[in-house]
Amino acid sequence: MARQKQHDGQLGDLGLRLLSAAALIPFGLFVVWTGGPLLAVACGVFAALMAYEWIRMTGSPSMKAFVTLAIIPFIPAASGALLWSIWALLAAMLVASFTHPASEKRGAEAFGLLYVAGMPLGLFLMREGPWDGVATALIFMGIVWGSDSAAYFTGRLVGGPLLHPDSPSKTWSGAIGAVLFSAACGALAARITGGELLSWVVVGGLISVVAQIGDMFESSTKRRYEIKDSSGFVPGHGGLLDRVDGLGLVCVVTALAFLFAPGFVRVLGLDA
């Protein structure tokens, strides 16, 4: 396995990371707490910005159409039509598949739209679903943020083998530290919600695993297109895709799990 290399800019970026977090986290907490149309509008804006980043990253010529299509699912979402927002996403993916002039890249274009619009839609569904959406969204967001921080600081303090030789900021020690910290956060969540302790500990660890998979997928995509950051929207982090890739996948997985396994909601003490 590759050994950890010196990453000179990482500690220097810490100040920018903290400033960005100080601006984004309160805003995210506010719109999630408020929910409803405000959250739908915020998710639509984020989807549009991430659509821009995706087109910039992949070099697709379909900028205007792609960004517009990314907003479509949040129009019915703003009126509370959750099922229609899912259908709108599928319809937008179909349209996106025909906007790229190269037929061999149309599947990738449809997947790109699913990626950039599906993540914020997952957050909206997680917050607005038929369970305690406020507690679910805030707890899961907090665990993801805790996982990110634990991975960062554990990796810096412990070091060791890299998860991938082209990712000098991601180590196995950081990944393991993130899972353990998230499991501990799950134990705290069990006390808050009254859910089953063991279930929450397992869920806490799984949240970290899913978040890290989302992060690694976005990193591998950037390596494929040979870029460092998806944009410069978030100082110290790069782009929005660089910042919300892990959280976005967690939201999608959580919304699907809760929709198809409602008994799991009761086990965690998150029923409405």
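The values are calculated or read from the model by the stated rules, or taken from the named source; none is laboratory data. These numbers come from a predicted model, not from an experiment. With ideal geometry, Cβ positions are generated from the backbone for all residues, glycine too; neighbour counts draw on all protein chains shown.
Go through 147, 173 for me and flag whichever is under 28 Å from residue 268 (Cα atoms), in contact with a helix residue (DSSP H, G or I) (Cβ under 7 Å, 6 or more places away or on another chain) and either in the same structural domain as residue 263 (by TED's automatic domain parsing) or not in a helix (DSSP H, G or I) (or both).
Testing whether each residue is under 28 Å from residue 268 (Cα atoms), in contact with a helix residue (DSSP H, G or I) (Cβ under 7 Å, 6 or more places away or on another chain) and either in the same structural domain as residue 263 (by TED's automatic domain parsing) or not in a helix (DSSP H, G or I) (or both) leaves just 147.
Which one of 117, 92, 137 is buried (at least 21 other Cβ atoms within 10 Å of the Cβ), assigned by TED's automatic domain parsing to the domain that holds residue 253 and within 21 Å of the chain's Cα centre (by Cα)?
137
For the stretch 211-236, which positions are surrounded by 21 or more Cβ atoms within 10 Å (Cβ to Cβ) and not in a helix (DSSP H, G or I)?
Scanning the stretch 211-236 gives 230, 234.
Step by step: first the residues of the stretch 67-118, then only those that are of a type in the set (Ser, Thr, Tyr) and within 17 Å of residue 57 (Cβ to Cβ), then the one that is modelled with the highest pLDDT. Which residue is that?
By that ranking, first place goes to 115.
Table: residues versus (1) part of a helix (DSSP H, G or I); (2) in contact with a strand residue (DSSP E or B) (Cβ under 6 Å, 6 or more places away or on another chain); (3) surrounded by fewer than 22 Cβ atoms within 10 Å (Cβ to Cβ).
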residue	(1), (2), (3)
168	no, no, yes
189	yes, no, no
203	yes, no, no
209	yes, no, yes
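Residues of the stretch 151-166 being surrounded by 17 or more Cβ atoms within 10 Å (Cβ to Cβ) and either more than 20 Å from residue 215 (Cα to Cα) or in contact (Cβ under 8 Å) with a residue 40 or more places away in the chain (or both), which ones?
Within the stretch 151-166, 151, 155, 156, 162, 163 meet the criteria.
So is residue 46 among the aromatic types (Phe, Trp, Tyr), out of contact with any His (no Cβ under 9 Å at 6 or more places or on another chain) and surrounded by fewer than 20 Cβ atoms within 10 Å (Cβ to Cβ) or not?
no
Out of all the residues in the stretch 19-66, which are at pLDDT below 90, in contact with a Gly (Cβ under 8 Å, 6 or more places away or on another chain) and not polar (S, T, N, Q)?
Correct list: 19 only.
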